[in-house]
Structure formats: C-alpha cells, structure tokens
1. Do you know the relative contact order of region B:160-346, to the nearest whole percent, from alpha carbon pairs under 8 angstrom that are 6+ apart?
2. For region A:94-156, just run the numbers: alpha carbon Rg, then divide by 2.2 N^0.38 Å, N being how many residues it has.
3. Students often forget the sequence filter, so: which lysines lie under 21 Å Cα-Cα from B:Lys338 once same-chain residues fewer than 8 apart are removed?
4. Label position 7 Å from Cα toward Cβ: report the copy-to-copy distances for B:Arg187 in nm, one decimal, ordered from shortest.
5. Per residue of A:49-61, what is the mean number of Cβ atoms on other protein chains within 10 angstrom of that residue's Cβ?
6. Given points 7 Å out from each Cα along the Cα-Cβ axis, report the B:Gln311 to A:Asp329 separation in nanometres with one decimal.
7. Find the centroid of the Cα atoms in region A:179-217 and in region B:22-42, then give the distance between the two in whole Å.
8. Would you list which lysines come within 20 Å of A:Lys226, measuring only between C-alpha atoms, while excluding same-chain residues fewer than 8 positions from it?
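Each reported figure results from applying straightforward, stated rules to the coordinates on display, with no laboratory input. Because the structure is a prediction, the values reported are computed rather than measured. Neighbour counts run over all protein chains shown; Cβ positions are idealised from the backbone, glycine included.
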Protein chains: 2
Amino acid sequence: MFENKMNRTELSELGEFGLIRHLKTIIPVRNASTVKGIGDDCAVIDRESHFELVTCDLLMEGVHFDLSYYPLKHLGYKSVMVNLSDIYAMNGTPQQIVVGIGISNRFSLEAIEELYEGMLLACERHQVDLVGGDTTSSHSGLVISITAIGSVAKDQIAYRSGAGENDLICVTGDLGGAYMGLQVLNREKQIFLDNPNIQPDLSGTDYVVERQLKPEARGEFIAALKAESIHPTSMIDVSDGLASELFHICTASNKGCRIYEDKLPIDFETATLAGEMNINPTIAALSGGEDYELLFTIKQSDFNKIKLIKQIAVIGHITASEAGLALIDKSGHETPLKAQGWDGLKQ
Amino acid sequence: MFENKMNRTELSELGEFGLIRHLKTIIPVRNASTVKGIGDDCAVIDRESHFELVTCDLLMEGVHFDLSYYPLKHLGYKSVMVNLSDIYAMNGTPQQIVVGIGISNRFSLEAIEELYEGMLLACERHQVDLVGGDTTSSHSGLVISITAIGSVAKDQIAYRSGAGENDLICVTGDLGGAYMGLQVLNREKQIFLDNPNIQPDLSGTDYVVERQLKPEARGEFIAALKAESIHPTSMIDVSDGLASELFHICTASNKGCRIYEDKLPIDFETATLAGEMNINPTIAALSGGEDYELLFTIKQSDFNKIKLIKQIAVIGHITASEAGLALIDKSGHETPLKAQGWDGLKQ
C-alpha cells in the first residue's frame with residue numbers, strides 16, 4: 001500500500017526541536033486564513049477582524065508529572081496554565097480550551113473531578129471557558145491534552161521573530177524556582193521511598209514547590225504592557241529554560257544576544273535552596289524550565305516605560321547575529337550560551 | 001491545600017457518556033462567545049460573521065489501535081479523519097488541525113514521517129492545514145491528540161438536538177464494515193500469533209479492512225446536501241455505532257425513533273463476512289462503530305430532494321419521546337434499541 005522507508009534516524013539524536021524543524025519542512029500551508037503554522041508559541045489564523053491563536057500541549061504521566069507527589073487538582077490547574085501561557089506569549093487573550101484526557105480505571109470519578117476542579121479554577125482566574133473535549137481510557141498512564149484558543153488584535157501580535165538589534169531583553173517574575181521545586185519534591189520522594197516512616201520535610205520550600213506544582217500564566221503582564229502602550233518586538237514563554245527560549249527568539253529573529261548574570265531575577269528561596277543542594281542558581285534559571293514567565297524584547301525607547309511595571313527585569317540586549325548568544329557572568333567574563341533546556345525526546 | 005474526597009465512584013460503572021454528562025454539570029460557560037460547550041460533536045464559538053467549530057480526539061495505542069497490524073500512514077490518516085468527521089457532523093467545513101503526539105524512542109524519524117504523511121494526505125484531501133501542535137516523549141504507547149477547527153454559517157449549523165417528530169432519519173454510505181474489518185484483522189493476528197509461518201489471508205476482505213484502517217470523513221455529503229438546499233434538522237457522525245448515535249440524537253432532541261432493519265445500508269462484503277464469522281450484520285451496523293458515516297434527520301418535505309443524492313439511505317423516522325427507540329426487524333417485529341456502542345471506559 002504505502003512504501004516502506006529503509007533508513008532509520010533515531011529520534012533521540014534529533015530531539016524535540018530537531019523533529020519540529022523537520023516536520024515544518026514537510027508540512028504545507030494551504031488555506032489563506034493560516035497566517036502562521038508550526039514554529040511559534042501558537043498557530044495564527046486570520047479571522048478578518050482579529051488573529052485567532054491556537055496552541056496545544058500534551059502532558060504524559062511519568063514524563064511531565066509524577067502522581068506520587070502531584071495532587072490532581074494542581075495537575076489540572078497546571079495543565080491549563082501551560083496552555084494559557086502560550087496564548088499570552090503571543091501578546092493575546094485566551095478564551096476557550098478543549099480538554100482530552102486518557103484515564104485508566106484505577107481513577108475514581110472523584111479523582112477526575114479533582115482534576116477538572118483544578119482546570120476550572122485556572123479557567124475562572126483567566127476568564128476562559130472549557131468548551132469540550134474527549135475522554136477515553138488509557139492502558140498506560142494518565143494523559144492530558146489541552147488545546148487553547150485565544151485572540152489578539154492584528155497590530156498587537158508578538159512573534160518570536162521580531163527582535164531587533166539593540167532591543168532590550170526583559171523577563172517577568174523570577175527564574176529557576178520551578179526547577180528547584182522539582183529537586184525538593186524528588187529529594188523528599190527518595191527519602192520517603194528509602195524509609196516510609198520519615199515524613200516529607202517541605203519547610204522553607206513553599207515558594208519553589210508552588211512554582212513547580214501550581215505555576216501561574218502571566219496574563220497580568222500582558223495587561224500591564226498594554227496599559228503602558230509597550231508593544232513587545234518579540235515574545236515567548238519560559239517553559240524549557242531561559243537559554244532555550246533565548247535561542248528560539250534569536251534564531252527566529254536571526255540575531256544574537258548578551259544577557260547579564262547579575263540581572264537574572266532569582267528568588268531568595270530559590271538561591272538558598274540551590275546553595276544547600278549544590279546547584280548553581282544561574283544554571284537553574286538558564287536551563288531549569290517550567291517557570292512560565294514571559295521573555296520578551298522591547299525597543300530601547302520603551303525603557304522608561306518598562307521601569308514603571310513591577311517585577312519585570314531587563315536582563316540584556318539583542319545583538320547582530322554574528323555576535324552569537326552569550327552570558328556575561330558576575331566577573332564580567334563572557335560565556336557562550338548553550339540551549340540545554342529540557343527535551344523529552346533526548347532524555 | 002485542597003480537600004480530599006471520601007467517596008469513590010468507579011469510572012467503569014459510569015462509562016464515558018456518564019462521565020461526560022457529569023462533567024457537563026460542573027463546567028460553567030463564562031464567555032458570551034461560547035455558544036455551545038460540552039455535549040455535541042463540536043464546541044461552537046460565535047465569531048460574529050460565522051460559528052467556529054472545535055473538536056478534539058485522543059487516540060491511544062492499545063485502546064484505539066494496535067500497531068501490530070496498523071500501518072503508521074493509515075493511522076495518521078484515520079486520526080485526522082475522525083476529527084474532520086466531527087466538524088462535518090455539525091454541517092461545517094474543517095479548516096485547520098493541531099496535532100499533539102506522544103512517542104517513545106523506539107520510533108524512528110522515518111516512522112514519524114509516515115504518520116505525518118498519512119495526516120497530511122488526509123489534510124490535502126479535505127483542504128485543511130496542519131498548523132501546529134506538540135511533540136513529546138511517551139513512556140508507554142503512542143498517543144495522538146488532534147484538535148480540528150472549522151466554520152459554519154450561523155443559519156446552517158446542525159446540532160444533535162434539532163430532530164422533530166416525523167422527521168426522516170438518514171444515513172450516508174453503509175454500516176458495520178469497519179467493525180467487520182476489525183474482526184478480520186484480529187482473526188488474522190491471532191492466527192499469526194499461533195503460527196508465525198502462516199501468512200495473513202485478507203482475500204475478499206479489502207473493503208472492510210479499508211473501512212477499519214482508512215475511513216473517509218463524509219464531507220462530500222455536506223456539499224451534496226447544500227447543493228440540494230437540504231438543511232438537516234439534526235446530525236451526528238457514526239463513531240460508536242448507529243444505536244448509540246440514535247440515542248444521542250433522540251436524547252438531545254427529546255424524541256423517540258423507529259428504524260427499519262431492512263433499510264439499513266450494509267455492504268455485500270460486510271454481510272458475507274458476518275455470515276462466515278457468525279456475526280449478525282444488523283448488530284455489526286447497530287453496535288460496531290467506527291464507520292464515520294453521517295447520521296442525520298430531515299423534514300419529510302425534503303424527501304424528494306434527498307432521493308437525488310446517491311448513497312444516502314432513509315432508515316426510519318423520529319417519533320414522540322414516549323414511543324422510545326425501536327428497531328422494526330425484517331419480520332415486522334418491534335425491538336427496543338439499546339445503546340450498546342463502544343465505550344472505552346466500560347471495557
């Protein structure tokens with residue numbers, strides 16, 4: 001019927017981004033209403049009066065979450081937030097989600113209700129409707145697939161590709177916390193597995209554990225940027241780590257960048273725990289991922305306006321492509337950045 | 001943090017439709033643009049000039065497909081078709097899809113390309129764009145999650161709930177074939193497992209095997225109905241079996257129905273194989289599922305027009321709710337219908 005391919009290229013060599021780049025080359029665009037296909041936080045569809053944004057995320061038990069320490073309500077909440085975050089990353093407003101879940105019989109109705117309660121709480125906070133989906137049985141783990149739909153005015157959309165030379169690089173909130181939260185949860189899980197009589201000790205870790213289990217999509221900053229009439233020249237959300245996201249923006253914009261280690265926003269608890277656990281907090285910020293903050297660039301002329309918004313840090317600037325991507329460390333030394341973010345297919 | 005529930009209701013008691021009914025009661029609608037949430041083939045969003053349709057299906061290895069006999073290109077093709085079928089079932093036109101896949105490292109790039117080739121072929125045939133998605137690793141089986149987006153003129157939409165008393169019940173194509181195809185594939189797989197030296201014998205089963213492996217979404221009938229100015233009063237696609245779909249239409253419309261066994265469109269090959277395998281072909285049509293034909297109702301006044309469209313069978317009529325749902329068998333005897341369609345959660 002269909003021909004068989006003789007070559008074999010391992011997915012583990014290619015990685016997720018390599019696979020996406022490859023798929024992009026074989027997937028055509030047919031409808032005039034398709035403005036942007038694969039390659040940004042969302043697909044963009046022309047609806048005449050506005051652009052519609054569509055994004056989809058698949059969360060798999062054992063890959064993206066561990067139910068031994070993940071409350072189902074938090075999981076539902078997070079699974080919605082990661083999608084809303086992609087809509088915000090296009091400078092848009094989320095409106096609807098559809099939810100597909102694959103569940104095994106070991107779950108009770110009450111467990112599924114908890115999962116949906118978390119999803120609905122996330123929807124309520126962001127004024128989004130859960131409008132449909134699919135429920136099916138799974139022979140393996142829990143699978144959650146969410147597609148979010150949103151909209152953005154045509155002259156307000158922010159792609160990854162719009163960063164210009166000398167633009168300022170900004171990031172909301174703080175970085176590395178979700179990664180440290182994951183380290184704490186894994187440490188306590190291991191202690192519990194070794195000796196079930198020892199209760200988990202999460203004291204002094206509230207902030208980072210919440211960053212991991214219950215991230216917030218940063219819609220308030222989209223509103224704040226709009227209020228100050230700042231139009232980001234490019235934007236992406238921080239799901240795989242700052243370094244990986246900087247590579248996406250610089251590659252799509254054909255630019256380089258310099259970021260400054262002493263400008264990276266790192267919470268005190270993140271830094272303290274990193275010290276205790278012998279982890280470099282800068283590495284946690286650069287490569288940890290799952291912070292769901294917004295990384296964006298603005299024109300230098302917007303610098304005075306951006307200072308008016310709390311919790312946005314200016315961490316560096318965009319350069320010509322030839323300059324490459326580099327971190328200036330606290331001693332002023334320049335180190336090339338590596339995109340060593342999380343890549344499920346390479347694990 | 002969040003309260004724990006003490007009760008435990010088993011999902012296997014509730015089944016998929018019970019779970020969906022329950023979820024519907026706890027999920028609010030917030031945005032004015034959300035016209036229809038859970039409970040039809042698609043969610044319906046008001047885009048001023050038209051209604052937007054959104055549907056999502058999750059296909060799980062071991063539940064929905066068996067890779068031991070499922071070529072990946074066919075699987076990609078089918079996974080798109082089942083979603084397009086839901087858009088057509090609202091009398092709409094599909095336009096875009098987003099695709100989430102969970103894959104294990106045992107797949108090569110070439111295998112994933114075959115999967116996408118099938119998806120892209122389905123997209124090409126229906127003039128649909130694959131605009132984005134998510135790729136991630138899976139520790140268990142292959143997971144395919146597709147969300148399709150389409151549109152329909154506001155005065156043309158067909159819900160499940162619009163069937164009126166005395167409306168005629170129509171179905172496109174023929175029924176039960178996909179189920180017989182599955183029986184053939186399972187039989188040959190068993191023979192192969194028992195003795196790997198015996199080659200599979202699929203002679204005389206081309207049609208039913210293709211019905212199972214490579215179903216076609218029935219967009220041509222949406223165009224034909226439009227050309228004849230027939231507006232279906234209700235519509236659904238046949239994914240879980242005719243009986244189950246009749247229950248959905250009758251429940252949503254608060255009506256009953258009578259269908260006639262001798263009017264059910266059953267292909268010769270389906271009937272022959274059913275005879276050989278000791279399966280009642282009427283049961284295959286009523287409960288088999290996966291035919292992806294369109295089941296719809298029309299006003300009696302459209303009877304002369306519907307006769308002009310080939311491959312549409314009028315199989316019965318809608319009654320008052322009190323009359324219930326029944327099949328009139330070939331001897332004129334009336335048997336109440338049972339919604340014994342496929343339900344993954346009850347398996």
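1. Numbers: 392 pairs, mean separation 74.5, N = 187.
After rounding, I find 40 percent.
2. 1.31
3. B:Lys255, B:Lys263, B:Lys330, B:Lys346
4. The projected label point of B:Arg187 is separated from its counterparts by 6.2 nm.
5. On the way: counts 3, 1, 0, 5, 1, 9, 5, 12, 5, 13, 4, 8, 3.
Mean shielding count: 5.
6. Placing both labels 7 Å along Cα→Cβ, they lie 6.8 nm apart.
7. Between the Cα centres of region A:179-217 and region B:22-42 lies a distance of 36 Å.
8. A:Lys154, A:Lys299, A:Lys305, A:Lys307, A:Lys310
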